[in-house]
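Beneath this line is the structure, given in structure tokens, with notes to follow.
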Amino acid sequence: MNQQPALIEYRDVSVRRSGRHVLDRLNFSIGVGENVAILGPNGCGKSTLIKTITRELYPDPDIPDSSLKIFGKSIWNIFELRPLLGIVSYDLVDTCTRNDYPGMEIVLSGFHSSIGIWPNHVVTPEMEARAAEVIRLLEIEHLADRPINELSSGEARRVVIARALVHRPKALILDEPANSLDLHALHELRETMRRIVSQDTSVILVTHHLPDIIPEISRVVMLRAGRVFADGPKPAMLTSDKLSALFGTEVEVEERRGYYHAW
């Protein structure tokens, strides 16, 4: 039986920016169906890692035997890849909120990899039904007719997450999704992630904030200085000793109802 290719596989991947390697011979893989947190301090390479997945940045070609494979392939037509991976970054949310399109239009635009519906875009009844289904799943029906630039940060983020889900992607990659959210919005975001996982869509969470790691995430990959610092089951990774070493400061950890907190 042929083994299913990994969702994402990094082998000796290095990325040079401003004269230095931000990713330095990075090695790890994530299987299809895994829920994983990629955790690390600011400057460890998390944003660069996201940009390699979205094909905004490419591995250093001077590193021999370096490869980045997504679903077993190194070369992708970006338009074929987008329906398989939903990616929500701070930059994408910021771009969406510069416009006054209503929430439903933002969600529908996910079918066209655009921001908003353009005159040449065809929106079918099936697309409308799927967008409405995702909006119900995320419990944001009240945002469907509201301009996205009038929404709170948390509301806008949930609309953009819905946009990423219309294609039924294999995995949703969330890049620092909790930035700038208040306590109520944080709670809604975490409940949103849990509902997504319940629909058999994997969540890959990129964060430096421990409480963002929902109970359904079972594995943590720690990054430091562009390399994997540690990788393993969540309980073994989220310890005071491991986190103190990762962040370079003394950390105490407590687990409550499936969530981890640090101080």
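Compute the distance from the alpha-carbon center of the stretch 130-183 to that of the stretch 188-232, in whole Å.
17 Å
Assign one of three labels to the stretch 49-115, namely rounded, prolate or oblate, based on the Cα gyration tensor with a ≥ b ≥ c the square roots of its eigenvalues; rounded applies when a/c is under 1.5, prolate when it is not and a/b is larger than b/c, and oblate otherwise.
It is prolate, given that a/c is not under 1.5 and a/b is the larger ratio.
Calculate I(q)/I(0) for the stretch 163-263 by the Debye formula, one identical point scatterer on each C-alpha and no solvent, and give its log10 at q = 0.12 Å⁻¹ to two decimals.
-0.42
Please get the size of the charge dipole for the chain, origin at its Cα centre, with Cβ charges of +1 on Lys and Arg and -1 on Asp and Glu, quoted in debye to the nearest 20.
Roughly 620 debye for the chain.
Determine the gain in length on full extension of the stretch Ser218-Leu183; use 0.36 nm per residue of separation and subtract their C-alpha separation, reporting nm with one decimal.
On the way: separation 35, 0.36 × 35 = 12.60 nm, distance 2.38 nm.
So the chain would gain 10.2 nm between Ser218 and Leu183.
Would the stretch 1-128 count as rounded, prolate or oblate if I go by the C-alpha gyration tensor, calling it rounded below 1.5 in a/c and otherwise prolate when a/b exceeds b/c, oblate otherwise?
The shape class here is prolate.
Restricting attention to the alpha-carbon atoms of the chain, what are Rg (one decimal) and Dmax (integer), both in Å?
So, for the chain, Rg and Dmax equal 18.5, 56 Å respectively.
Trypsin sites (Lys or Arg not before Pro), restricted to the stretch 18-100: which are DSSP loop and have at most 16 other Cβ atoms within 10 Å?
Arg55, Arg98
What is the distance, in nm, between label points placed 7 Å from the Cα along the Cα-to-Cβ direction at Glu128 and at Gln199?
Rounded to a tenth, the inter-label distance reads 1.9 nm.
Working from the pairwise distances between different alpha carbons, so that the mean of 1/r is found and then inverted, what is the stretch 98-215's Kirkwood radius in Å?
For the stretch 98-215, the Kirkwood estimate is 14.5 Å.
Assuming R0 = 41 Å, can you tell me the calculated FRET efficiency for the pair Gln3 and Asp145, based on Cβ-Cβ distance, to the nearest 0.05?
On the way: r = 47 Å, r/R0 = 1.14.
For Gln3 and Asp145, the calculated efficiency is 0.30.
Just to be sure I understand: with springs between alpha-carbon atoms less than 10 Å apart, which residue in Asn77, Asn27, Asn35 has the highest mean-square fluctuation in the Gaussian network model of the chain?
Asn77
For Ser240 paired with Ser152, estimate the spin-label separation in nm (one decimal), with each label point 7 Å from Cα along the Cα-to-Cβ line.
According to this spin-label approximation, the distance is 3.5 nm.
Number of Lys pairs in the chain with C-alpha atoms less than 27 angstrom apart, excluding same-chain neighbours closer than eight positions?
15
Report the FRET efficiency, 1/(1 + (r/R0)^6), for Ala262 and Glu56, where r is their Cβ-Cβ distance and R0 is 51 Å, rounded to 0.05.
0.95
Over the chain, what relative contact order in percent results from Cα pairs under 8 Å that are six or more residues apart?
25 percent
Just name one of Met222, His184, Pro233: the one whose Cα is farthest towards the positive end of the charge dipole of the stretch 172-263 (beta-carbon charges, Lys/Arg +1, Asp/Glu -1).
Of the candidates, Pro233 comes out farthest on the positive side.
What spacing in nm lies between the two simple spin-label points modelled at Arg98 and Ser29, each 7 Å away from Cα in the Cβ direction?
So the two model labels end up 3.9 nm from each other.
Of all DSSP beta bridges in the stretch 142-263, what percent run antiparallel (nearest 5)?
Here the share of antiparallel DSSP bridges comes out near 65 percent.
Take the alpha carbon atoms of the stretch 35-67, find their center, do the same for the stretch 1-31, and report the distance between the two centers in whole angstrom.
7 Å
At 20 °C and 1.002 mPa s, grab the translational diffusion coefficient of the stretch 90-166 from Stokes-Einstein with a Kirkwood Rh over Cα pairs, rounded to a whole number in µm² per second.
The calculation lands on 179 µm²/s.
If contacts are Cα pairs under 8 angstrom and at least 6 residues apart, what is the relative contact order of the stretch 177-263 in percent?
20 percent
Rounding to the nearest 20 debye, state how big the charge dipole of the stretch 70-118 is about its Cα centre with +1 on each Lys and Arg Cβ and -1 on each Asp and Glu Cβ.
200 debye
When the chain is fully extended, how far beyond the present Cα-Cα distance does Trp118 get from Trp76, taking 0.36 nm per residue of separation?
Roughly 12.6 nm would be gained on extension.
Each reported figure results from applying straightforward, stated rules to the coordinates on display, with no laboratory input. Because the structure is a prediction, the values reported are computed rather than measured. For neighbour counting, all protein chains shown are included, and Cβ atoms are generated from backbone atoms with ideal geometry for every residue, glycine included.
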